[in-house]
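*Asks:* Here you go, one structure.
Taken together, the values in this text are just the output of simple stated rules run on the coordinates, not laboratory data. Here the structure is a predicted model, which means the values were calculated and not measured. Positions of Cβ are backbone-derived with ideal geometry, glycine not excepted, and every protein chain shown enters the neighbour counts.
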Amino acid sequence: MRAELADDSPAGRLYGESLATALAVYVAGRYGMRRAARRSHRGGMPARRLRRVLDYIGGNLTGDLGVTELARVAGMSPHYFSELFRKSVGRPPHQYVLRQRIERAKESLRNPKRSVLEAGLSAGFENPSHFARAFRRLVGATPRQFRAG
């Protein structure tokens, strides 16, 4: 976890906070004095709260988003938020944000007047190497190959 945070993960501190929250819940559940009854989160996050969070992510993709910040927008604890977000969207918050950044970069790459560097920065990636690595991993091609194809 420390290596991921020190390496400036493409997902930013969101990924690190997700790992830290999961670790804290595990330790509390495993070594806590009393086991709490698990709640069922069948339906996911209420639609109004989910829309508020998704709109917030869309408007702040270039920033360093964190689970705590997104949970505050939803009015929930970070752990509860992460569970309901995953049930509602089908992926954890850090993966959702990363994919949204890739989609925004793909839109920018379709504009021939924008450079690859500009496309990555405008999508919220902090540096070109993280952008290229994440783009290749999720799209299957480098940003230049995507633009050419």
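*Asks:* Determine, from the Cβ-Cβ distance of LEU117 and ARG137 and an R0 of 25 Å, the FRET efficiency 1/(1 + (r/R0)^6), rounded to the nearest 0.05.
*Replies:* Calculated value: 0.85.
*Asks:* While we're on this one: Kindly put GLU107, GLU17, GLU83, GLU69 in sequence by how many other C-beta atoms sit within 10 Å of each C-beta, fewest to most.
*Replies:* The fewest-first ordering by Cβ neighbours comes to GLU107, GLU69, GLU83, GLU17.
*Asks:* Using the Karplus curve 6.51 cos²θ - 1.76 cosθ + 1.60 with θ = phi - 60°, what ³J(HN,Hα) values do you get for each residue of the range 53-62, in whole Hz, with x for Gly and Pro?
*Replies:* Those phi angles translate into 5, 5, 5, 5, 4, x, x, 10, 4, 6 Hz.
*Asks:* Multiplying the sequence separation of ARG52 and VAL27 by 0.36 nm and subtracting their Cα-Cα distance, what value in nm do you get?
*Replies:* Computed gain between ARG52 and VAL27 is 5.9 nm.
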